[in-house]
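Engineer: Just passing along the structure, written as structure tokens.
The values are calculated or read from the model by the stated rules, or taken from the named source; none is laboratory data. What you see is a predicted model; the values in this text were computed from it and never measured. Every residue, glycine as well, gets a Cβ built from its backbone with ideal geometry; the counts of neighbours run over all protein chains shown.
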């Protein structure tokens, strides 16, 4: 089970995010390491970050289209509508986990790890 106390949350009363995004990214990466179904690759550069039990209910769709990253989260969509290019936490999570998975696959192919 994952400790949700380090995860930031949206404070609707004050209309702000409480906590650090870096803590959220670290927590998600740790969760996915122990729960591979937390992040699933759909093919064609598209990933789904499945809901974290007890934290959120929304699956986020992250797509890498020839180096251009997209996410369906409110933060990314709102900024994109205003013409701002941002990298939300969900994109950061996919980049970290996908990079680690590719690295591990390479090490396995080379016989360095099993």
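Engineer: Quick one: is residue 29 under 10 Å from the mean Cα position of the chain (by Cα), assigned to a helix (DSSP H, G or I), surrounded by 14 or more Cβ atoms within 10 Å (Cβ to Cβ) and modelled with pLDDT under 90?
Structural biologist: So residue 29 passes the test.
Engineer: While we're on this one: Run down 96, 112 and say which single residue is in contact with a helix residue (DSSP H, G or I) (Cβ under 6 Å, 6 or more places away or on another chain), more than 18 Å from residue 9 (Cα to Cα) and surrounded by fewer than 17 Cβ atoms within 10 Å (Cβ to Cβ). Steps first, please.
Structural biologist: Details: 112 fails: in contact with a helix residue (DSSP H, G or I) (Cβ under 6 Å, 6 or more places away or on another chain).
Step by step, each of 96, 112 is checked, and only 96 is in contact with a helix residue (DSSP H, G or I) (Cβ under 6 Å, 6 or more places away or on another chain), more than 18 Å from residue 9 (Cα to Cα) and surrounded by fewer than 17 Cβ atoms within 10 Å (Cβ to Cβ).
Engineer: Right, something else. Which one is nearest to the chain's Cα centre (by Cα) among residues in segment 72-114 that are outside any helix (DSSP H, G or I) and either touching a residue at least 12 places away in the same chain (Cβ under 8 Å) or closer than 20 Å to residue 26 by Cβ (or both)?
Structural biologist: Selected residue: 88.
Engineer: Of the residues in segment 8-24, how many are without any contact (Cβ under 8 Å) to a residue 12 or more places away in the chain and not in a strand (DSSP E or B)?
Structural biologist: Total meeting the criteria: 5.
Engineer: Among the residues of segment 9-19, are any under 20 Å from residue 96 (Cα atoms) and surrounded by fewer than 13 Cβ atoms within 10 Å (Cβ to Cβ)?
Structural biologist: There is no residue in segment 9-19 that is under 20 Å from residue 96 (Cα atoms) and surrounded by fewer than 13 Cβ atoms within 10 Å (Cβ to Cβ).
Engineer: As an exercise: evaluate residue 41 against (1) over 10 Å from the mean Cα position of the chain (by Cα); (2) over 14 Å from residue 97 (Cα atoms); (3) not in a helix (DSSP H, G or I) and give the number of the one condition it does not meet.
Structural biologist: (2)
Engineer: Kindly provide the set of residues from segment 44-71 that are over 19 Å from residue 7 (Cβ atoms) and not in a strand (DSSP E or B), ordered by number.
Structural biologist: 44, 45, 66, 67
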